[in-house]
Ligand SMILES: Nc1ncnc2c1ncn2[C@@H]1O[C@H](COP(=O)(O)OP(=O)(O)O)[C@@H](O)[C@H]1O
Ligand SMILES: [Mg+2]
């Protein structure tokens with residue numbers, strides 16, 4: 001299994017789109033910091049936006065907010081939507097399925113590789129944003145969402161925890177991408193479809209009348225990290241994100257898995 | 001109980017909607033065979049091979065490789081088996097060697113020296129560092145063989161391995177198949193070229209419109225099809241009359257040539273007679289039946305039976 005997973009990662013590392021997504025995730029925070037250096041004012045209506053020039057710790061949280069709308073879903077879809085479909089496109093599915101690995105193992109390795117990529121992208125964005133902003137505005141104490149002061153090092157720990165919980169709804173988008181990638185066998189369709197689905201999920205969250213189901217919509221889970229930034233920490237959104245996202249991850253993967261296991265591999 | 005056959009198909013059927021791509025196919029390949037799976041384009045060869053390799057699910061029937069069913073035993077059914085259907089495909093963005101390394105790892109790991117060995121066998125060693133995306137069809141075909149050999153197979157399934165190659169490539173590929181067969185690997189290869197199957201195979205199954213219309217020894221088949229002889233001369237009418245007079249019934253004119261069937265001794269006799277009669281011979285050659293003629297022959301038999 002380690003070997004199969006390793007090769008899935010190596011394949012990603014050999015493809016341009018991987019760097020396209022990863023590069024975008026690292027350039028966006030740089031642009032963001034540059035713009036704030038050149039201009040006065042800031043994203044005051046965004047959580048932690050008011051403190052953006054107080055400490056480099058605020059920037060990654062603010063960028064998380066902006067990128068959750070479409071940038072991160074697109075970056076994730078780009079790779080997850082391609083990871084099975086590209087094998088169909090290259091005709092390599094038949095090549096790897098006539099070696100000594102079962103289909104389930106191949107699919108599992110693809111899931112893990114897509115999740116790895118997703119996590120790497122989120123943490124790469126966080127790291128670049130944190131480092132760039134800290135160079136400009138310093139590594140200072142952070143003001144929490146409850147208005148209390150959090151020491152810089154504690155704040156860094158909260159950032160890491162926030163990125164980790166943020167990666168979980170991203171994994172749900174990746175899971176949906178994998179599912180579409182398997183079912184459509186077409187990279188472009190899967191990428192676009194996954195992005196549409198992510199946007200639809202967000203749209204549902206802002207429509208009037210969805211208040212009662214809102215906590216269980218995927219879009220909402222991108223804000224679960226707020227729980228870490230309260231004093232004392234509010235575990236409710238975090239725990240909810242854990243199990244809600246597990247469903248959003250599990251359902252498409254289960255269907256994708258069954259399809260992958262049984263499907264005819266002809267002419268691909 | 002004796003060892004299970006390398007390959008056995010029983011009642012294989014594959015339907016695509018109304019189309020029956022493979023229609024109750026039975027096949028048995030024995031150890032040491034070079035088995036030809038012969039049929040025109042669209043006959044169902046690739047579809048059969050896909051079912052044998054577990055890539056697609058049969059609508060009915062089952063396939064066994066050394067007694068194991070790909071649908072039941074998964075990847076384990078392919079132990080000791082390697083091959084490809086249609087053109088072998090690789091990751092275009094990886095080099096030939098990296099592709100082999102990857103596939104070797106999927107088999108549980110393989111030594112670099114072994115990769116060099118198989119690259120040498122298919123004469124790709126000096127291009128192994130280049131990305132497969134830049135390979136020609138023939139190079140990919142050879143890399144496909146290399147990838148198969150990495151598994152040290154006892155049974156090799158090759159789907160039209162020479163199709164699309166230039167004449168030199170075809171000759172090399174056939175040479176390679178012969179060499180592998182002589183090393184004791186059981187081979188099943190599909191082809192739409194009778195001459196190729198004739199050159200390489202000892203046993204053959206002929207498939208047409210999804211159905212096996214002949215399975216058995218190739219020499220027996222060719223004998224029964226009775227290739228006969230072709231005679232070219234500037235006076236075909238006279239030659240034909242002379243042949244008939246010499247008891248060669250069924251000598252007929254076709255496209256300005258005389259075609260007939262006879263024992264070698266009788267052929268020698270008429271060649272002398274033709275000379276004495278002043279009929280010049282520009283060619284007198286044995287005629288190899290084409291696949292189409294074999295089909296015609298067999299469908300006639302079918303109709304009679
Ligand atoms: N995936 C598929 N979907 C629909 N029809 C198919 C598919 N694969 C093959 N066929 C049809 O099945 C028949 C047999 O095809 P194939 O096995 O590729 O023939 P061969 O390899 O002998 O040329 C053809 O009529 C082909 O069009
Ligand atoms: Mg074919």
Check residue B:164 against each of (1) under 24 Å from residue A:84 (Cβ atoms); (2) part of a loop (DSSP other than H, G, I, E, B); (3) at pLDDT below 95 and name the one condition it does not meet. (1)
Can you tell me which residue in the range B:15-29 is nearest to ligand 1 (Cβ to nearest atom), limited to those that are closer than 16 Å to residue B:52 by Cβ and surrounded by 14 or more Cβ atoms within 10 Å (Cβ to Cβ)? B:21
Scope the range B:14-34; condition in contact with a helix residue (DSSP H, G or I) (Cβ under 9 Å, 6 or more places away or on another chain), within 14 Å of chain A (Cβ to nearest Cβ) and either more than 17 Å from residue B:160 (Cβ to Cβ) or more than 16 Å from ligand 2 (Cβ to nearest atom) (or both); matching residues: B:14, B:16
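This table checks each residue for (1) without any contact (Cβ under 8 Å) to a residue 24 or more places away in the chain; (2) outside any helix (DSSP H, G or I); (3) within 14 Å of another protein chain (Cβ to nearest Cβ); (4) over 24 Å from residue A:109 (Cα atoms).
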{"position": "A:7", "(1), (2), (3), (4)": "no, no, yes, no"}
{"position": "A:12", "(1), (2), (3), (4)": "no, no, yes, no"}
{"position": "A:21", "(1), (2), (3), (4)": "no, no, no, no"}
{"position": "A:37", "(1), (2), (3), (4)": "no, no, no, yes"}
{"position": "A:44", "(1), (2), (3), (4)": "yes, yes, no, yes"}
{"position": "A:47", "(1), (2), (3), (4)": "no, yes, no, yes"}
{"position": "A:56", "(1), (2), (3), (4)": "no, yes, no, yes"}
Per the list (1) part of a helix (DSSP H, G or I); (2) at pLDDT below 95; (3) within 30 Å of residue B:14 (Cα to Cα), residue check on residue A:204 breaks on (3)
Exactly one of B:211, B:217, B:238 is at pLDDT 85 or above, farther than 30 Å from residue B:52 by Cα and surrounded by fewer than 17 Cβ atoms within 10 Å (Cβ to Cβ), and that residue is B:238
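Quick one: which residue in A:222, A:179 is over 17 Å from residue A:68 (Cα atoms) and either under 18 Å from the mean Cα position of the chain (by Cα) or in contact (Cβ under 8 Å) with a residue 40 or more places away in the chain (or both)?
When all the criteria are applied, what remains is A:179.
Just a yes or no: is a residue in the range B:35-48 more than 12 Å from ligand 1 (Cβ to nearest atom) and in contact with a helix residue (DSSP H, G or I) (Cβ under 7 Å, 6 or more places away or on another chain)?
Of all residues in the range B:35-48, those more than 12 Å from ligand 1 (Cβ to nearest atom) come to B:35-36.
Next cut, in contact with a helix residue (DSSP H, G or I) (Cβ under 7 Å, 6 or more places away or on another chain) only: B:36.
Looking through the range B:35-48, at least one residue is more than 12 Å from ligand 1 (Cβ to nearest atom) and in contact with a helix residue (DSSP H, G or I) (Cβ under 7 Å, 6 or more places away or on another chain).
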Restricted to the range A:227-245 and to residues being more than 17 Å from residue A:160 (Cα to Cα) and free of Cβ contacts under 8 Å to residues at least 12 places away in the same chain, the residue nearest to the other protein chains (Cβ to nearest Cβ) is A:243
When you scan the range B:172-200, how many residues do you find that are under 16 Å from residue B:7 (Cα atoms) and within 16 Å of ligand 2 (Cβ to nearest atom)? 3
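Is at least one residue of the range A:72-83 within 30 Å of residue A:145 (Cα to Cα), away from every other protein chain (no Cβ under 14 Å) and not in a helix (DSSP H, G or I)?
Scanning the range A:72-83 turns up no residue that is within 30 Å of residue A:145 (Cα to Cα), away from every other protein chain (no Cβ under 14 Å) and not in a helix (DSSP H, G or I).
The values are calculated or read from the model by the stated rules, or taken from the named source; none is laboratory data. All figures in this text were calculated on a predicted structure; none of them were measured in a lab. Neighbour counts run over all protein chains shown; Cβ positions are idealised from the backbone, glycine included.
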